[in-house]
1. Can you name the residue in segment 93-134 that is under 22 Å from GLU33 (Cα atoms) and acidic (Asp, Glu) and is also surrounded by the fewest Cβ atoms within 10 Å (Cβ to Cβ) among such residues?
2. For segment 295-327: of the residues being under 23 Å from the mean Cα position of the chain (by Cα) and of a type in the set (Ser, Thr, Tyr), which is nearest to VAL360 (Cα to Cα)?
3. Looking at ALA490, is it in contact (Cβ under 8 Å) with a residue 12 or more places away in the chain and over 26 Å from HIS176 (Cα atoms)?
4. Can you report the number of residues in segment 37-49 which are under 25 Å from ILE80 (Cα atoms) and either buried (at least 20 other Cβ atoms within 10 Å of the Cβ) or not assigned by TED's automatic domain parsing to the domain that holds LEU74 (or both)?
5. Looking only at segment 255-277, count every residue that is outside any loop (DSSP other than H, G, I, E, B) and surrounded by fewer than 16 Cβ atoms within 10 Å (Cβ to Cβ) and tell me the total.
6. Tell me, yes or no, whether segment 299-322 has at least one residue that is within 16 Å of the ligand (Cβ to nearest atom) and part of a helix (DSSP H, G or I).
7. Residues that are hydrophobic (A, V, I, L, M, F, W, C) and touching a helix residue (DSSP H, G or I) at 6+ places or on another chain (Cβ under 8 Å): which helices (runs of 4 or more DSSP H) entirely in segment 449-499 hold 1 or more of them?
8. Determine, yes or no, whether SER280 is in contact (Cβ under 8 Å) with a residue 24 or more places away in the chain, in a loop (DSSP other than H, G, I, E, B) and more than 30 Å from GLU110 (Cβ to Cβ).
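The values are calculated or read from the model by the stated rules, or taken from the named source; none is laboratory data. Keep in mind that what you see is a predicted model, and the values were worked out from it rather than measured. Because the Cβ atoms are built from the backbone with ideal geometry, glycine has one as well, and the counts that use them run over all protein chains shown.
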Amino acid sequence: MKNVSTLITCFSLLLFMGCKEKRVATPMDLAKENLIPKPVGMVATGSSFLLSSESVIYTDQEFRAQAQTLAAELKEITGINIGIAENEDESKSEGIILSKKTTNDDLKEEGYELNIEEDVMTISSNHPSGIFNAIQTIKQLLPTTIDSNKIEIASGKIIDYPNYEYRGAMLDVSRHFFSVDDVKQYIDYLAMFKMNVLHLHLSDDQGWRIEIKSWPKLAEIGGKTEVGGTEGGYYTQEDYKEIVQYAADRFITIIPEIDMPGHTNAALASYPELNCDGKSPEPYTGMKVGFSSFCVDKEITYKFIDDVVRELAAISPGKYFHIGGDESHATKKADYVIFVDKVQDIVSKHGKTMVGWDEVVTANIKSSSIAQFWASEDNAKTAVEKNVKLIMSPAKKAYLDMKYDSITKLGLKWAGYVEVDTGYDWNPAAYVEGITKENILGIEAPLWTETVTNMNELQFLVFPRLPGYAEIGWTQDSLRSWGEYKTRLASFKNRFEKMNINYYKSSKVDW
Ligand code: TNX
């Protein structure tokens, strides 16, 4: 009799198990996950959320595109196909929920909350960009090696929002040209770390990189060259729009820069009438700076600039237009002031806010314009006196083209070596005396490409410093320390390798 009842019990148990395989959550510690940038708040609840082919993403109508992004990313990383459903009542007992119901005012647009429970993961934000940022976090919470169809994410709660509204990187496509696909790849790197600006340095002595329909020789002649005499290139306006859209889909704004009145040899070589003597110089493929200047006295110079700004502003949806303004050593000081004042008006006329390298503060710039600090602390202080906000890019800390140390082959060293710890361990709001967070729009890490000819070389200078700049922009200073950051960075080794990124294996990091 006893045996029979045991058999019956087993049979019913088998039946039960066969009907639905009960998931067993693995205890996991969310607080131990290595996220970059580090979130504002993170509380672990010691369990895990299971992602499976039965998972469904429920979304508000407004976040449908982000639901698709999330499904596509999850599919790519895990191979699992996850369905999407419109979520009307938000009372689902299983799945991933994208929701507009947030409880924290600090989230603004880019912030998000992530509530990870055993059966439900809820992503809440006020805006699609916040959901996008949460997706970047979720990607970092997934295991790097997916070896079964049991994919778990540590449970708990994350509340996260940025410290600075402007978190950027710059790519100099003038000294060496980078293709549309290369730029898209770069945008992916920025998106991964929640950066939201890509500043494109589109013109310099060595090359003009954007088609201007009213001045076609800029691209035809000015676009041909690059440093070292190899073949340059340029973006058609259609190419540029494609880049802008690709970036916008990732909540990244493209800021176009046309550097002037110096750094203009490529334009001067394309149109003789832009030169004071009416003669075009030879194209330039060296690495010197500070020898060229637009002719400040000529009317045609401003007609030219008006056309360029008009055409480029029309295809740049962001609010900023960068006019360069650096190292104008071949322009008289008084002329420089007249020039910047006029160009500032042209930029406003076309509906944009002017940004310039820190030298522009020596002109009569409006308090709504923005100065990008790179070298002169005096200029940075003048900016603050004029109530002009700053983008912080101190070359000694934030230049991605500086060598790591004396044996780094690529890069320059005029601002010193920037090891990974040097690049990370500084606070934009304490860098220049008298300049505080209120004066700062954000941070930007520029990559000048005199020595960088392809993506492999680019990766070597950009990684692993870029994640550090992203964290400086995103994470409050009080939550950051090099000693703790470097262990999180080390854990990215597998990700970098999986992404085929040629990163610098700094001895400062225990990889
Ligand atoms: C200075 S930073 C420049 C660039 C060079 C860079 C190289 C700045 C505003 N001007 O023209 O490419 O140094 O590090």
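1. Per the criteria, the residue is ASP119.
2. In this case the residue turns out to be TYR320.
3. Judged against the criteria, ALA490 is a match.
4. Qualifying residue count for the region: 2.
5. Result for segment 255-277: 2.
6. no
7. 455-462, 465-474, 482-490
8. Spelling it out, it is not the case that SER280 is in contact (Cβ under 8 Å) with a residue 24 or more places away in the chain, in a loop (DSSP other than H, G, I, E, B) and more than 30 Å from GLU110 (Cβ to Cβ).
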